[in-house]
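Working notes, structure below.
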Amino acid sequence: MRDQFSNAQQIRKPAAVSKGGIVAAQSRKAAEVGAEVLAAGGDCVDAVVATSFALGVLEPWMSGIGGGGAMVLYRARENRYEVIDFGMRAPGGIRREDYPLTGEGAAASDLFPWPRVKDDRNLRGPGSIAVPGVVAGVAEAHRRHAKLPWQELLGPSVTLADQGLSVDWWTTLAIASAAADLRRYPASAAVYLQDGLPPHPQWGIKASVRLPQDRLKATLAHLAVQGPRDFYEGDLARAIAADVQAGGGALSVEDLAAFRAHVREPLAVPYRGGVVYATPELTGGPTLAHALRLLQEDLQPARGEPGASAYTAYALALQSAYQERLQGMGDADGRRALGAEQLAPACTSHFSVVDREGNMAAVTQTLLSIFGSKFVLPQSGVLMNNGIMWFDPTAGGANSLAPGKRCLTNYTPVLAEAADGRRLALGASGGRRILPAVTQMLSFVMDYGMDLDAAIHQPRIDASEGAVVIGDVRLLAQVREALRARFDYEDARVQAQPMKFACPSVVLREGGTNSGATEIFQPWGDAVAQV
């Protein structure tokens, strides 16, 4: 009798290898935009700017200028690592009493175990919108390091918006998953639905369906000419705040004007003779550091690929790290406190870049939920985040909703230097499942010496859901049996939808040769080398 998970289908996505620069992203088209910038003489940060804006047009349900995030940069000439933090925060005028609990005892319907708020005001619509940070973060990177003009780097995203959003099966699936909520808001329905229903691709090989993005195109063109601060202090800021407040949200022009991205020193985590550089504070970085400290002590790498003892060590380290995270993280006037945590994959884009000179970037940007707040701003066409969902709506807790509070997030972009001198930039999308993917990818490279082609195809586990450990069915039978004997274990397929594991995008530099790879089951993802 055949195993219930046996499948003759084998999927591989070979790593890209080049002496030139490489961009690895969840959208190949966005990666192509970044690679073209590198080929035109731009450096790593120029590619970051262009790729970031392109992703917001090409996969708007994942990220965009209405969201937030963080990046880790390596500047080869100075041999310096730095973090740019552009995470979201609650508006200054938000009031907890505007988020009354239903009192039904039901959990919120999305990613967190919070008590349900009346009308799901913290999950969708204008009331769920936090102060966005992507434009400020990308602009800070551009100000500090870019070679090419801002307007030139936004040009590709303007062109992509002019072409409209291409509809294939993946687009249809993404829109269908949120169609019921998109229908609630006229501007959202006008952009993403056709006659109130998800669009669908045509059968003809040359047939195409595209959703116009005229307002977003005009916004990006305006931003390209006027510069990034217009998003926070100019005509665009006033239009954004007016649309949110007209819908009953709290975001104001004062919130936008006060927002700044922050340059921070990365966490430097010694690991196996090398160093991992991660985002500090309210991100997955401190939790990653906890997991790596345990692996440094408990994992004894053997020759070849990881075996049962390695995967057991991964599971134990991750479970311990998450236990500490759930007990200790949050933003309470800058102090660590009980915080929020996602229970399922979320809406996020990660991309990694390396250029010919060895400069590197790991960039994660997010709207939080898929399609964020589901609220498209009528004047600007910008799809906004639902960052307020990160906060506990009950009163009196350390992570309770409050004005100006920063959001605790799961994203974990990292750079690392292995003991053998190889450097990599890495991160993933997938909510709570990001950290397990990043931890294991680091181990595959730093403990087992894998190249990216081997590392991206190596099966992984997920141990982010409390006692449950999820294992890729492609793991060796003895590994799966060992995990089943030790944990509450479940097999799972690696698949496009719903994803059971996170979606990493990674680049690696060895000597003067670069390589890049993305999750093999992400249908749009790819690594693209400059030509």
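The values are calculated or read from the model by the stated rules, or taken from the named source; none is laboratory data. Predicted, not measured: the structure shown is a model, and the values here were computed from it. Glycine gets a Cβ as well: all are built from the backbone with ideal geometry, and neighbour counts include every protein chain shown.
Results for (1) part of a loop (DSSP other than H, G, I, E, B); (2) within 22 Å of the chain's Cα centre (by Cα), shown as yes or no for each residue.
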| residue | (1), (2) |
| --- | --- |
| 135 | no, yes |
| 138 | no, yes |
| 142 | no, yes |
| 147 | yes, no |
| 152 | no, no |
| 157 | no, yes |
| 161 | no, yes |
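Consider the range 251-276. How many of its residues are surrounded by 18 or more Cβ atoms within 10 Å (Cβ to Cβ), closer than 20 Å to residue 135 by Cα and of a type outside the set (Asp, Glu)?
5
Regarding the range 60-69, can at least one residue be identified that is within 21 Å of residue 244 (Cβ to Cβ), aromatic (Phe, Trp, Tyr) and touching a strand residue (DSSP E or B) at 6+ places or on another chain (Cβ under 9 Å)?
yes
When you check residue 446 against the structure, is it farther than 20 Å from residue 283 by Cβ and at pLDDT 95 or above, yes or no?
On the way: farther than 20 Å from residue 283 by Cβ: yes; at pLDDT 95 or above: yes.
Criteria met by residue 446.
Out of all the residues in the range 218-237, which are closer than 23 Å to residue 57 by Cβ and not aliphatic (A, V, I, L, M)? If you could, list the steps in order and put the result at the bottom.
In the first step, residues of the range 218-237 are kept if they are closer than 23 Å to residue 57 by Cβ; the result is 218-232, 234-237.
Correct list: 219, 222, 226, 227, 228, 229, 230, 231, 232, 234, 235.
Just checking: which of the strands (runs of 3 or more DSSP E) contained wholly in the range 405-521 hold 3 or more residues that are in contact with a His (Cβ under 6 Å, 6 or more places away or on another chain) and crowded, with 21+ Cβ neighbours inside 10 Å?
Numbers: elements: 414-417, 423-429, 461-465, 468-472, 488-492, 503-510, 513-518.
Hits in the range 405-521: 423-429.
Taking into account only those residues within the range 279-304 that are in contact with a Pro (Cβ under 9 Å, 6 or more places away or on another chain) and over 30 Å from residue 391 (Cβ atoms), which is surrounded by the most Cβ atoms within 10 Å (Cβ to Cβ)?
299
Failed condition for residue 326, given (1) part of a loop (DSSP other than H, G, I, E, B); (2) farther than 30 Å from residue 16 by Cα; (3) modelled with pLDDT under 95; (4) not basic (Lys, Arg), with all others met?
Failed condition: (1).
Could you please find all residues in the range 219-238 being in contact with a Ser or Thr (Cβ under 8 Å, 6 or more places away or on another chain) and of a type in the set (A, V, I, L, M, F, W, C)? Break it down stepwise before answering.
Filtering the range 219-238 down to residues in contact with a Ser or Thr (Cβ under 8 Å, 6 or more places away or on another chain) leaves 219-220, 236.
Correct list: 220, 236.
Just to be sure I understand the filter: pairs with C-beta atoms under 7 Å, separated by 6 or more residues or on different chains, first member in the range 151-180 and closer than 28 Å to residue 229 by Cβ and in contact (Cβ under 8 Å) with a residue 40 or more places away in the chain, second member among the basic types (Lys, Arg) and in a helix (DSSP H, G or I). Which pairs pass?
The qualifying pairs are 158/217; 161/217; 162/217.
Are any residues in the range 201-222 surrounded by fewer than 16 Cβ atoms within 10 Å (Cβ to Cβ) and more than 30 Å from residue 258 (Cα to Cα), and if so, which ones?
First pass over the range 201-222, keeping only residues surrounded by fewer than 16 Cβ atoms within 10 Å (Cβ to Cβ): 201-208, 210, 212, 214.
Within the range 201-222, 201, 202, 203, 204, 205, 206, 207, 208, 210, 212 qualify.
Only residues that are surrounded by fewer than 22 Cβ atoms within 10 Å (Cβ to Cβ) and part of a loop (DSSP other than H, G, I, E, B): list them for the range 223-250, please.
227, 229, 234, 247, 248
From (1) more than 17 Å from the chain's Cα centre (by Cα); (2) small (Gly, Ala, Ser); (3) outside any loop (DSSP other than H, G, I, E, B), pick out the condition that doesn't hold for residue 92.
For residue 92, the failing item is (3).
Looking at the structure I just gave you, is residue 314 at pLDDT below 90, closer than 20 Å to residue 427 by Cα, within 23 Å of the chain's Cα centre (by Cα) and among the hydroxyl-bearing types (Ser, Thr, Tyr)?
Details: at pLDDT below 90: no; closer than 20 Å to residue 427 by Cα: yes; within 23 Å of the chain's Cα centre (by Cα): yes; among the hydroxyl-bearing types (Ser, Thr, Tyr): yes.
It is false that residue 314 is at pLDDT below 90, closer than 20 Å to residue 427 by Cα, within 23 Å of the chain's Cα centre (by Cα) and among the hydroxyl-bearing types (Ser, Thr, Tyr).
Within the range 123-142, restricting attention to residues that are more than 21 Å from residue 179 (Cβ to Cβ), touching a helix residue (DSSP H, G or I) at 6+ places or on another chain (Cβ under 9 Å) and of a type outside the set (A, V, I, L, M, F, W, C), which residue is surrounded by the fewest Cβ atoms within 10 Å (Cβ to Cβ)? Spell out the reasoning first.
Our first condition is that a residue be more than 21 Å from residue 179 (Cβ to Cβ); within the range 123-142, this holds for 130-142.
Adding the requirement that they be touching a helix residue (DSSP H, G or I) at 6+ places or on another chain (Cβ under 9 Å) leaves 130-132, 134-139, 141-142.
Subsequent filtering for residues that are of a type outside the set (A, V, I, L, M, F, W, C) retains 132, 137, 142.
Values: 132: 30, 137: 27, 142: 20.
My answer is 142.
Is it true that residue 84 is over 30 Å from residue 477 (Cβ atoms), at pLDDT 95 or above and in a loop (DSSP other than H, G, I, E, B)?
Numbers: over 30 Å from residue 477 (Cβ atoms): yes; at pLDDT 95 or above: yes; in a loop (DSSP other than H, G, I, E, B): no.
Spelling it out, it is not the case that residue 84 is over 30 Å from residue 477 (Cβ atoms), at pLDDT 95 or above and in a loop (DSSP other than H, G, I, E, B).
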